[in-house]
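Colleague: First the structure, then my questions, so here it is.
Just so it is clear, none of the values below were taken in a lab; they were calculated from the coordinates. It should be emphasised that the depicted structure is a prediction, and the values quoted were computed from it without experimental measurement. FYI the Cβ positions are ideal-geometry reconstructions off the backbone, even for glycines, and counts take in every protein chain you see.
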Amino acid sequence: MGSLNDQRKVWGAGSEHGSDPVAQTRAVVRRYPGVLALDHVDFEMHAGEVRALLGKNGAGKSTLIRLLSGVEKPDEGTVAIGGTVLTGGGSREASRLGVATVYQELSLVPQLSVAENYHLGALPVGRGGLVRTGWMKDSAEAALAKLGVRVDPNAPVGALPVAEQQMVEIARALQGSPKLLILDEPTSSLAAAEVDVVLQAVNRIAAAGVGIIYVSHRLGEIRQIAHSASVMRDGRLVETVSTSGASSDDIVALMLGTAADATVSMSHQSPAPATSRPVALAVRGLSVPPKVREVSFDLHEGEILGIAGVRGAGRTELLRAIAGLLPPAAGTLTLFGEQLRRWSIRGMIRRGVGLTPEERKTDGIVPLLGVDENIVLADRSTVRRGPLLSSRLQRGAARKLVSALSIRTPDVTVPVGALSGGNQQKAVIARWLHRGSRVLLLDEPTRGVDVQAKAQIYELVRKLADDGVSILFVSSELEELPLVCSRVVVLREGAITAELTGDNITESAIFAATLADGTGSAAPSTTGESV
Amino acid sequence: MSSTVQTAPAPTEVQQQVRRMRLSRGVNELGLLAAIVVLYLVLGTQAGGFLTGSNQLGILRDAAQIGIAAWGMTLVIIAGDIDISIGPAVAFGSVMVAKAATDWGLGIPLAVVLTLVIGTAIGAFAGFLRAQYNVPAFIATLGVYSALRGLAQFISNALPVPLPESRFFDFLAGEVAGVPTPAVVMIVLLAVFLVIALKTPYGRAVYALGGNARAAELAGIPVKRIRISLFAVNGLLAAITGVLLAARLGSGNGGSAMGLEFDVIAAVVIGGTALAGGSGSILATALGVIFITLIGNGLVLMGVNQFLQDVVRGVIIVLAVLINVLLGRRRRLTS
C-alpha cells in the first residue's frame, strides 16, 4: 500500500490549488410523493478528492447521486458542476459538464470483447466505414492499463472476473475525461480479494485530478481510499467527517442518529426467544463458493430468524441454496429431523419449505395469470375435482388468503401483474400458505413495498410465527429486523460473523456488524452451534 | 367475471388496467370472427361453389389437417417455444404407417400404434434437447424437420407407398354421420385440449412456465418434464395427422404436407397466442384454423394461380400477425 500513500500526496497537492468545486449543491430539496428525499442539502467537493457517501437505505444517497448526474432535477436549490449550474438538461447536460456515473448494475454486453465494450455506442470508424479494430483494441488496452489493469482487449467481457468487468465499466466512464466520477457501490458484488483492484484504480483516477464520490457500505475500504465521508440520514447531510479522525462507532452513530435505539426498544416487544422449541431447520457447513462460506445455524419452530448483511454478502445465495435452487458445494440440512445431503427444489417444497424471491417480478409472480392461479400454483391438489381444476375451489382458496392477508384486488381472477408491489408480494407469500409450508424463506419481502404494506407484512410474519411457522427473514432494511425478528444472524462476505438475540437486536448493533471493517478482527465469529 | 371479492375496493387504475387487458383480448377474437364472416360474405358471392355442402365439408376436412396439430402447437407456443417440424413429421407418419402395414407386415393395428409411438418419441427427443440442454426449440425442431423429411423420402424411395385395403382406413378417409372423420377427430381433440388448457393442473402449469419459467420452477412445477411432454404431444398429433392423411390419399407419401408447419403456426399466431409465451387460447387458435383454411379454399375456388396463392397467404398472415402485435403492445403490462 506504499504506492497508494504516494498517490495521496499527489491528491493533496491537487486540492490545494482550489478553484471551483467539481460538484456543489446548495440547499437542494427533492420530494417524492409522501417522502422528503432531500432536505436542504449542501454538498461540495473538489478536484482530486475521494469522498465517501454513507447512509442507510433511504437516507437520500441515491437521490443526491441522481441530482448530481442530472437524471433528476431538484425541487429547490441548485446543483453546479465545475462552477456551472445545471439547468435541467438531463443527464446529457451533466455529462457534458463532466459527470460520469458507474452504477451498481454493470451495463456491459458480456458476449462482446473488452475493446468493443469500451467503445460501445461509439465504435471508432475509419475510412470506408469500417471499424478500426487495431486502434480500438490499443486504446481500450491503454485505458485499462492506466487504471492498473492488464486485460486482453480481445477477451469477451463475460469471461472476465467481476472486478475486471467493473474496471471496463469504469474505464468507459472515464472516456469523456469527467471532472466528477460517481461510483455507486462498485465493490458490492466483489469478493474481498477482488476489491483491491478497484481501490487501486480509484486512487489513480483521483491522483489525475478527478473528484470521486464513492458510495459503499464497507467502512474498511472507505478508510483506505477516502479522506472524508459525508453521512446522510433522513434526507439530510448530517456531517462530513474525516475518515482518519472518526471511529467506526462515530460513523455508525451518525448514520443511525440518536433516535435509532429509542425506536428499537419501543418496538421490541418481539416474541419470546423461540430457541427452546424444537429445531425446524438445521443448516451445517453450507458453502456455495464464492458467495456462501460454511454457514451453520438452527432455525426453531415458530422462530423468525433475521439474516442481515449488506448487498453482496451472500444472503440471497444462502436462501437459494437452502431452497434447492443452487447446488451447494458442501453442507447438510436437517429438516424436521430428517437429514439431507442433497436436495432439490421440488423435494424441499414437498417437505414444507417455501422461498419468496428477492426479484418478485422476474422470479416470483406469473404476471399474466390471475391472483387465484398464482396463489394455488405450488399446490393444486386441494382445488381439484377429480383430474380437473375447479375454478370455484381455486377462487375460494384464493379468496380466503386474499382476505387473510388483505391483498387489495378488485377480484381474485385479476392478473397479478396488475397489482401493486406490496400486493404481489403478499400473493407470493400466500402461495406458500396455501401450500401449507412450515418453513418460509423470505428474501427481502418488503422491498419496493409501500409503508402500509410493510406494516402488514410484518404483522403477517409475526402471526405466522405464532402459528408455528419458522421463518428466515432476509432484509437490507435494518430497522425492520428488530421489529420482526427474535434473533438475527449477520452475514458478511458469505460467512456468519455475529448473532444477536433479545435486547441486543438493535439497529445500531446490526448495522455495526454488517459493515465490514476490512481489518478482519472486528466481529467475533459466533454461532456455529446455536444457542 | 361476475364474481367479486369482499375485500376493500382496489385503486381504480388497477381496475382500468384489468379492463383494458380483458377488452383487448376480446377484441382480438371478435376481430377474427368478423374477418371470418367477411370472408364468408366475399367468397359466398365471388367464388362459385363456395357455399355448397360438399365444399363446406371439404373445408372441414382441410381444417383438420391444420387443426389437429394446431391444438398442440398452441400449448407449445404458450410455453414460449416453437415446433417447426410438423410438415415432415406428418409426411413421415404417413409413410411409416403405410410401410409398417404393408412391407413390414405388422398388420394394421400394430402399424398405427407404432407410428403414433414413434411420432411421440421423436417429439419427446426434440423436447428433451430443449429442456435438458437448452437447445433452442427452433433449432432442435429444425433438425427434426430435415431428418424426418429425408427419412420419409428414403424409406419410401420418394414414391407413394400404397395402403392395404382396409375398412379401418376407409373409415378414416370417410365420414361419421356426414362429417369427415378427420374433422370429427379434430373436434374431439379440440374439446380435449380446451379442457387441458383451461382445467387441468398440467395446462395451467404450461401457462405459468410460459409466463415466467423462473417463478414456475420456484413454485415446484416440473418445468423440464412439461417441456418435454409438450413436444411429445406435438409429435403424437403430427403422427395422427399423418395417418389420417395417408388414409385420405390411399398412400403414404414422403413429399406430402409441404409447408404445413407454416399454416399451423400461422393459425396459432393469428389466434393471438403470443410467441413470447404466457398467454393464448385454444379457442382463438380454432378461429385461426378456420381463417387460414377459408383463405386457402377461397383462393383455389377463385382460380388464383397456385404460386400466387402462396404470395397472398404470406401477405395476409403477416398482416394478421402485425395487427396482433400492435394490439399486444397496448395489452402488455407496464407496471
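Colleague: Rounding to the nearest 10 and keeping the result within 0 to 90°, find how far the Cα-based axis of helix B:223-249 lies from the longest principal axis of chain B.
Modeller: For helix B:223-249, the angle is close to 40 degrees.
Colleague: Cross-link candidates for A:K291: which lysines have Cα within less than 29 Å, leaving aside residues fewer than 8 places away along the same chain?
Modeller: The qualifying lysines are A:K56, A:K61, A:K361, A:K426, A:K454, B:K224.
Colleague: If you don't mind, another one. Could you give the C-alpha radius of gyration of the protein assembly as shown expressed as a fraction of 2.2 N^0.38 Å, taking N as the number of residues it contains?
Modeller: 1.13
Colleague: Nearest 10 degrees is fine. How inclined is helix B:181-199 to the longest principal axis of chain B, computing both from alpha carbons?
Modeller: With rounding to tens, the tilt is 30 degrees.
Colleague: Return the calculated 222 nm mean residue ellipticity for chain B, to the nearest 500 deg cm²/dmol, obtained by summing -39500 (n - 2.57) across DSSP H runs with n ≥ 4 and dividing by the residue count.
Modeller: For chain B, the value works out to -25500 deg cm²/dmol.
Colleague: Let me ask something additional. Could you sort B:142-148, B:31-37 so that the peptide with the highest average Cβ count within 10 Å comes first and the rest follow in order?
Modeller: Listed from highest to lowest mean packing, they are B:142-148, B:31-37.
Colleague: Please report the Cα spread of region A:132-221 along all three principal axes, rounded to whole Å, starting with the longest.
Modeller: Sorted largest first, the three principal extents are 42, 29, 16 Å.
Colleague: Hey, if you drop one equal point scatterer on each alpha-carbon of region B:53-330 and run the Debye formula without solvent, what base-10 log of I(q)/I(0) do you get at q = 0.08, 0.13 Å⁻¹?
Modeller: Evaluating at q = 0.08, 0.13 Å⁻¹ gives log10 I(q)/I(0) of -0.32, -0.85.
Colleague: Separate question: When Cβ neighbours within 10 Å are restricted to other protein chains, what is their mean count per residue of peptide A:358-370?
Modeller: 6
Colleague: When the Debye formula is applied to the Cα atoms of region B:178-246, each taken as the same point scatterer, what base-10 log of I(q)/I(0) results at q = 0.19, 0.20, 0.26 Å⁻¹?
Modeller: One equal scatterer on each Cα of region B:178-246 leads to -0.81, -0.86, -1.13.
Colleague: When you look at the Cβ of every residue in B:194-200, what mean number of other chain Cβ atoms sits within 10 Å?
Modeller: For this peptide, the per-residue mean of nearby foreign Cβ atoms is 3.
Colleague: Shifting gears a bit: FRET efficiency for B:V315 and B:A276, Cβ-Cβ distance as r, R0 = 41 Å, nearest 0.05?
Modeller: 0.95
Colleague: How shielded is A:372-379 by partner chains, expressed as the average number of their Cβ atoms within 10 Å of its Cβ atoms?
Modeller: The per-residue average across the peptide is 4.
Colleague: Treating the Cα atoms of region A:275-414 as identical point scatterers in vacuum, please give the log10 of the normalised Debye intensity I(q)/I(0) at q = 0.17, 0.21 Å⁻¹, two decimals.
Modeller: Values returned for q = 0.17, 0.21 Å⁻¹ are -1.05, -1.24.
Colleague: What is the helix-to-structure angle for B:260-270, meaning the angle in degrees between its Cα long axis and the longest Cα principal axis of chain B, kept from 0 to 90 and rounded to the nearest 10?
Modeller: 20 degrees
Colleague: Let me ask something else about it. On each of the three principal axes of the Cα atoms of region B:72-207, give max minus min coordinate, whole Å, ordered largest first.
Modeller: Computed over region B:72-207, the largest-to-smallest principal extents equal 44, 38, 20 Å.
Colleague: Please compute the Cα-Cα pair-distance distribution of region B:44-101 with 5 Å bins starting at 0, giving whole percents from short to long.
Modeller: Reading upward from the zero bin: 4, 15, 16, 15, 15, 14, 13, 7, 2, 0.
Colleague: Given labels modelled 7 Å from the Cα in the Cβ direction, how far is it in nm from B:V38 to A:A145?
Modeller: About 6.6 nm, to one decimal.
Colleague: Let me ask you something else. Separation between the A:R132 and B:F154 pseudo-spin-labels, each 7 Å from Cα along Cα→Cβ, expressed in nm?
Modeller: 5.4 nm
Colleague: Between B:D170 and B:A121, what's the calculated FRET efficiency when r is the beta-carbon distance and R0 is 22 Å? Round to 0.05.
Modeller: Once the sixth-power term is evaluated, E becomes 0.20.
Colleague: How would you rank A:M255, B:M258, going from fewest to most other Cβ atoms within 10 Å of each one's own Cβ?
Modeller: Listed from fewest to most nearby Cβ atoms, that is B:M258, A:M255.
Colleague: Size of region A:109-177 along its principal axes in angstrom, Cα-based, largest extent first?
Modeller: Sorted largest first, the three principal extents are 36, 26, 18 Å.
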